[in-house]
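Okay, structure first, notes after.
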Amino acid sequence: MNFDIAPLLSDPAAWAALISLIIMEVVLGIDNLIFISILTNKLPEEQRARARNIGISLALIMRLALLFTITWIVGLKATVWNPLGMECPVDVEAIAGHGVVVMHSAGWDSCFSWRDLILIAGGMFLVWKATMEIHHTMDPGSDTKHGTPIGSQAAMNFGAAIFQIILLDIVFSIDSILTAVGMTDHLPIMVVAVIVAVTVMLLASGPLARFIHNNPTVVMLALGFLLMIGMVLIADGFGVHVPKEYVYAAMAFSAFVEGLNLVSRKRKSKPPGEDGAAPH
């Protein structure tokens, strides 16, 4: 691992790697940010900003802590469980500059690493959470008993929200840092990229949460994103890699279409003549 900063300042390749990694980390942080925004919107209004700030700050702390345990993080890709006892297809992956050689399974098979198990567990939690929220959104009356709300919004408290955010922070942080390790072997570049990306998340969290809260149709779209992300994490844990470019391209296109719908509904809701055209 390269800790020397001075040569990096005059190295164009280092700056290119930094910009690329910042963009990648920001994109990967979208999943984390959507989950935090939806979850904190279930809290009383006076607690939402504090919960978002705590959740994103914990994401930064976890990512930085993982960066300084690179050897352990890379070791998470080694096979630790083979329930069927079959011979595992093995790749030998030398992580340049890290002094680590990793033996791990490739493709769909019965060999699981700690990374695989964490991704599967996180994906299952995300699918369960998104499914419950979709059910609550579509049928809010099912969350009442004897006239008393018992649904996610009523039952959610500050501690429960922070606990769930921590669980997903762990999953997204490991995925984020493994991506960073694969893109560069310079620790200062990784640290700067993570700090910048999480700062962007912190600045965007408030506007995004308010936008989701003020546009109910966007809530369903965001929950659909979380459901898809959960399935992608599960598939990745089982050795089936879904290119993230496809996932985020689908999310961007869906968001674009929803944006057109929002503009259309806003224009239709204007009284006749307000847009400057004379009523017929």
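Whether a residue is at pLDDT 50 or above and touching a Gly at 6+ places or on another chain (Cβ under 6 Å) was assessed, and Gly123 passes this test. In summary, His241 fulfils each of the numbered conditions (1) within 21 Å of Ile23 (Cβ to Cβ); (2) modelled with pLDDT under 85; (3) assigned to a helix (DSSP H, G or I) with the single exception of condition (3).
Scanning the range 154-202 for residues that are more than 23 Å from Met124 (Cα to Cα), crowded, with 16+ Cβ neighbours inside 10 Å and of a type in the set (Ser, Thr, Tyr) turns up just one, Thr184. When Ala94 is tested against (1) buried (at least 16 other Cβ atoms within 10 Å of the Cβ); (2) closer than 15 Å to Gly182 by Cβ; (3) at pLDDT below 70, just one condition goes unmet, and that condition is (1). Suppose we keep only residues that are more than 15 Å from Val191 (Cβ to Cβ) and part of a loop (DSSP other than H, G, I, E, B) within the range 1-22. Which one would you say is modelled with the lowest pLDDT? Among those residues, the one meeting the criterion is Ser10. Only one entry of Gly230, Gly237 meets the criterion of being in contact with a helix residue (DSSP H, G or I) (Cβ under 8 Å, 6 or more places away or on another chain), of a type in the set (Gly, Ala, Ser), touching a residue at least 60 places away in the same chain (Cβ under 8 Å) and closer than 22 Å to Ile36 by Cα, and that entry is Gly230.
For residues that are surrounded by 17 or more Cβ atoms within 10 Å (Cβ to Cβ), under 18 Å from Val181 (Cβ atoms) and not hydrophobic (A, V, I, L, M, F, W, C), scanning just the range 7-31, find the one that is farthest from the chain's Cα centre (by Cα). Going through the qualifying residues, I end up with Glu25.
Scoring Arg210 on the criteria (1) among the charged types (D, E, K, R); (2) surrounded by fewer than 11 Cβ atoms within 10 Å (Cβ to Cβ); (3) modelled with pLDDT of 85 or more leaves a single failure, condition (2).
Let's see how each residue does on (1) within 16 Å of the chain's Cα centre (by Cα); (2) part of a helix (DSSP H, G or I); (3) in contact (Cβ under 8 Å) with a residue 40 or more places away in the chain:
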position	(1), (2), (3)
Val192	no, yes, yes
Thr199	yes, yes, no
Leu226	yes, yes, yes
Ala249	yes, yes, no
Arg267	no, yes, no
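The values are calculated or read from the model by the stated rules, or taken from the named source; none is laboratory data. A quick note: this is a predicted structure, and the numbers were derived from the prediction, not measured. Every residue, glycine as well, gets a Cβ built from its backbone with ideal geometry; the counts of neighbours run over all protein chains shown.
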